[in-house]
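Structure first, commentary second.
The values are calculated or read from the model by the stated rules, or taken from the named source; none is laboratory data. Since we're looking at a predicted model, the values are computed, not measured. In this analysis, Cβ positions are derived from the backbone assuming ideal geometry, glycine residues included, and neighbour counts consider all displayed protein chains. Calculation scope for accessible area: heavy atoms of the full protein, side chains included, ligands and nucleic acids excluded. Shrake-Rupley method; radii C 1.70, N 1.55, O 1.52, S 1.80 Å.
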Amino acid sequence: MKLAGPEIGDRIGDPIQHGGNLSRARALFPHAPEPWVDLSTGISPHSYPHSPLPGNAFTRLPEVASAERLKVLAAAAYGVPSAAHVAAGPGTQILLPMVADLIARKGQAAVLSPTYAEHARAARLAGFEVMETADLDRLAEADLAVIVNPNNPTGRIVSRADLLALAAIMRAKGGFLVVDEAFMDVAEASSVTDAVDAGGLVVLRSFGKFYGMAGLRLGFVISHPETIARIENRLGPWAVSGPALHVANEALGDTEWQNAMRLRLKEDAARLDALLGAAGIPVADGTSLFRFIRDPRAQAIFRHLGEKGILVRRFEERPDDLRIGLPGDSDWPRLEEALRSI
């Protein structure tokens with residue numbers, strides 16, 4: 001079955017609803033118990049245990065050497081040919097319209113949907129006519145093609161072979177395939193970061209989701225060095241803060257923690273599946289950072305959990321869909337109790 005349709009409010013200028021909006025949850029459920037358990041994002045509940053920030057992290061401009069080291073570590077962590085293929089910025093969110101604006105011919109953009117709504121909005125902001133489609137083959141018609149892989153919120157995986165074939169088509173016409181690998185850190189799938197040297201391919205990687213530090217605002221663009229140079233010219237100096245450099249330079253090099261955390265998240269996801277299954281809620285797909293539910297009772301489940309002070313992600317234009325993130329260690333009992341009474 002093909003699924004299509006934009007997110008609510010993804011027209012230019014309209015606010016897009018995302019996970020993590022506790023003020024909106026409190027307005028919807030004013031009598032819910034506090035504190036809220038926020039399961040509406042795909043952010044790890046286990047943040048990276050970095051060392052204390054140096055005393056001058058907030059008082060000095062970020063060091064050039066530290067920013068260059070970050071690119072080297074990111075290249076190694078993400079399987080990129082070299083640091084020259086990496087640009088770092090304050091979160092992938094701010095990088096989306098920059099990437100879309102690199103294409104001279106502002107024709108059609110195609111986004112494999114349903115998916116993260118900001119990609120369609122960023123393409124519209126850059127001047128593209130945007131088509132959102134569930135048909136992978138139709139992306140070849142566009143000048144800018146966008147695929148989130150693994151997909152948010154469904155967990156869908158597009159094969160490496162299909163991605164590279166589409167990148168070759170984009171390259172031949174002077175366009176780009178943008179592959180958003182925000183959840184690739186926990187995916188049992190093949191990244192395409194090692195293939196960017198051929199051109200026509202841009203890969204986005206998010207730091208905050210896997211490392212549980214979304215508030216740090218750090219993301220990466222991975223592409224051909226000429227494309228990276230254009231992105232960095234637009235970003236200008238000091239695109240990454242001193243505190244973010246300190247944390248990420250530790251985390252990206254800590255392979256022992258990364259491997260242990262992948263195992264822990266996988267175990268957490270299995271535990272969540274078991275709880276949902278016991279409540280009669282089948283899991284359709286997802287990643288080990290979130291689970292995707294497709295159920296005709298989705299809105300009732302959302303309201304029931306909301307009244308218990310537990311926020312999950314619903315999609316107003318797709319009323320059968322829910323995304324549920326992982327609880328933190330202290331939040332499992334509340335979720336278990338809420339699901340028992342569903």
Unmet criterion (only one of (1) under 23 Å from residue 190 (Cβ atoms); (2) at pLDDT below 95) for residue 103: (1)
Every residue from region 159-218 that is more than 13 Å from the chain's Cα centre (by Cα), among the hydroxyl-bearing types (Ser, Thr, Tyr) and farther than 18 Å from residue 85 by Cβ: 159
Evaluation of residue 259 against (1) open to solvent by 10 Å² or more (accessible area, probe 1.4 Å); (2) closer than 17 Å to residue 44 by Cβ; (3) in contact with a helix residue (DSSP H, G or I) (Cβ under 9 Å, 6 or more places away or on another chain) (one fails), failing number: (3)
All positions within region 141-157 that are acidic (Asp, Glu) and either part of a strand (DSSP E or B) or over 18 Å from residue 98 (Cα atoms) (or both): 141
Residue among 102, 95 that is out of contact with any strand residue (DSSP E or B) (no Cβ under 6 Å at 6 or more places or on another chain) and under 30 Å from residue 135 (Cβ atoms): 102
Residue within region 222-231 that is among the small types (Gly, Ala, Ser), surrounded by 16 or more Cβ atoms within 10 Å (Cβ to Cβ) and either modelled with pLDDT of 95 or more or in contact with a Gly (Cβ under 6 Å, 6 or more places away or on another chain) (or both) present: yes
Residue 286 in contact with a Phe, Trp or Tyr (Cβ under 6 Å, 6 or more places away or on another chain) and either part of a helix (DSSP H, G or I) or open to solvent by 10 Å² or more (accessible area, probe 1.4 Å) (or both): yes
All positions within region 179-208 that are farther than 16 Å from residue 166 by Cβ, in a helix (DSSP H, G or I) and among the aliphatic types (A, V, I, L, M): 184, 186
Pairs where the first residue, in region 297-322, is of a type in the set (Asp, Glu) and the second is open to solvent by 50 Å² or more (accessible area, probe 1.4 Å) and modelled with pLDDT under 95, C-beta under 9 Å, 6+ apart: 316/8; 316/17; 317/6; 317/8
Qualifying residue in region 245-255 (condition: open to solvent by 20 Å² or more (accessible area, probe 1.4 Å), in contact with a helix residue (DSSP H, G or I) (Cβ under 7 Å, 6 or more places away or on another chain) and closer than 18 Å to residue 116 by Cα): no
Which numbered condition residue 337 fails, given (1) in contact (Cβ under 8 Å) with a residue 24 or more places away in the chain; (2) open to solvent by less than 70 Å² (accessible area, probe 1.4 Å): (2)
Conditions (1) in a helix (DSSP H, G or I); (2) of a type outside the set (Val, Ile, Thr); (3) over 17 Å from residue 253 (Cβ atoms); (4) touching a His at 6+ places or on another chain (Cβ under 7 Å): number failed by residue 75: (3)
